[in-house]
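Below is one structure; the comments refer to it alone.
What follows is calculated from the coordinates using simple rules that are stated; it is not laboratory data. What you see is a predicted model, and the numbers here were worked out from it, not measured in a lab. FYI the Cβ positions are ideal-geometry reconstructions off the backbone, even for glycines, and counts take in every protein chain you see.
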Amino acid sequence: MSLFDILGPVMVGPSSSHTAGAVKIGYISRQLLGENIKKADIYLHGSFLATGTGHGTDKALVAGLLGMKEDDVRIPDSFHIAQEKNVEVKFGKINLKNVHPNSVKLKLTGKSGRELEIIASSIGGGQIRICKIDGLEANFSGERPTLVVHNLDQPGHVTEVTSMLAHKGVNIATMQLYRDHRGGNAVMVIECDQEVPLKSIHWLERLEGITKVTYLSKIEQEDSDDSFNGRADSYQRG
């Protein structure tokens, strides 16, 4: 257990779960989308829905989607800032199954038209879990560089991905495999100890049977209203 686990995060807001965790969910979701957000449909579940407004959960989620961190003093003004940046935000209610009470479903559209659907939970102390991406299981924290590969459930894809990582000197910290049914859609969620080279992500995306590759980088870079300079990338076959 670390000191952070005991004291909690440095943050703006009354609650590590409802505020700091919500900011982190928004921020990681934006990184996974890989570009600035044009539209966000936000569906609150459980405690997020019941008490979230009083804790600023709604403003915190929007702040994260705009690229703010947990200690950003602008969090209370996130609605106004989103309006200034022409980011369309809509809130709704949802009843999700088998998730933490502090959960949310995000349907995001980027400036280029790229879309991403995420279900995430704030599990306490400012920590989060990304539960689903585009309807398939994910279950990762966003604390490490994370490669999410959607593929057809066929032999060979796991070997292709892990061999590429080994060739590039990227060590696998954790790896999870999910599928909706045999021969259907599957997903690999790989948390890494090192960053995955961008060229390797492009290479994966072109492989037969790979339907989508999403990458979360932990390299922190500034972004502007007109461009997204982070290393998070998401590619999908048309």
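Data for the structure
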| read-out | value |
| --- | --- |
| Length released on extending from His202 to Glu115, taking residue separation times 0.36 nm less the Cα-Cα span | 29.5 nm |
| Debye-sum result for the stretch 16-115 in log10 I(q)/I(0), which assumes one identical scatterer on each alpha carbon, at q = 0.10, 0.17, 0.19 Å⁻¹ | -0.22, -0.67, -0.84 |
| Gained length - Glu88 relative to Gln154, 0.36 nm times residue gap less alpha-carbon distance | 19.9 nm |
| Projected label distance in nm at Asp41 and Asp193, using a 7 Å step from Cα toward the beta-carbon | 4.2 |
| Protection proxy ranking, peptides 41-49, 156-164, 92-100, average beta carbon neighbours within 10 Å, highest first | 41-49, 156-164, 92-100 |
| Over the stretch 90-176: Rg over Rh, Cα atoms, Kirkwood Rh | 1.02 |
| Cross-link partners of Lys199 among lysines (Cα-Cα below 30 Å; sequence separation of 8 or more within a chain) | Lys24, Lys38, Lys39, Lys69, Lys107, Lys111, Lys132, Lys168, Lys212, Lys218 |
